[in-house]
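Below is one structure, written out as structure tokens; the observations come after it.
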Amino acid sequence: LTFMFLISCVFGASDINFYHDYTSGAKAAKKEHKMMMIMIHVKGCPECNYMKEVIFTQPETKQFMSQNFVNLLLDFKETEIPSKYTQIGVPTFYFTDPDGNIVHKQIGAVRGNKFIKVLQEAKAKYK
């Protein structure tokens, strides 16, 4: 039990910092000169929860997201979202330059280790 606690402390130390409003995330992206990863979700969405609870906890994914993106989780029922970020369903992911211009878009959850490939593809599109 002690071992499990120590492991969770070590791996939990590098959690992804998520902004929950667009304005704060956009300011941080400009300040840090980073792309934004915007996930539009809604509470109770099983695929959204899978991304947050499984994919975003994978060490390689956490590291890549934290190093390369300012990360936003925007609930479309509770958060004001700029109209250029429309969604057909949830989750919808937008990858933008620091000014909020869309570079890449992903509709739907991505299973296993495939999300890291989506992140890398988005990053490669913005130089």
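Taken together, the values in this text are just the output of simple stated rules run on the coordinates, not laboratory data. This is a predicted model, so every value here is computed, not measured. Note that we place each Cβ from the backbone using ideal geometry, even for glycine, and neighbour counts take in every protein chain shown.
Listed by chain and number, the aspartates and glutamates placed with their C-alpha closer than 20 angstrom to that of Lys34 are Asp15, Asp21, Glu60, Asp97, Asp99, Glu121; residues fewer than eight positions away on the same chain are left out. Computed from Cα atoms, the angle from the helix 59-68 axis to the main principal axis of the chain rounds to 40 degrees. Most tightly packed first, judged by the mean number of other beta-carbon atoms within 10 Å of their residues, the peptides 36-43, 80-87 read 36-43, 80-87. Between His33 and Asp97, the distance separating the two model label sites (each 7 Å from Cα on the Cα→Cβ line) works out to 1.4 nm. Charges were assigned to the Cβ only: +1 to each Lys and Arg, -1 to each Asp and Glu. The resulting dipole of the chain about its Cα centre is roughly 360 debye.
Site pair Tyr50 and Asp21 shows an inter-label distance of 3.2 nm when each label is modelled 7 Å from Cα along Cα→Cβ.
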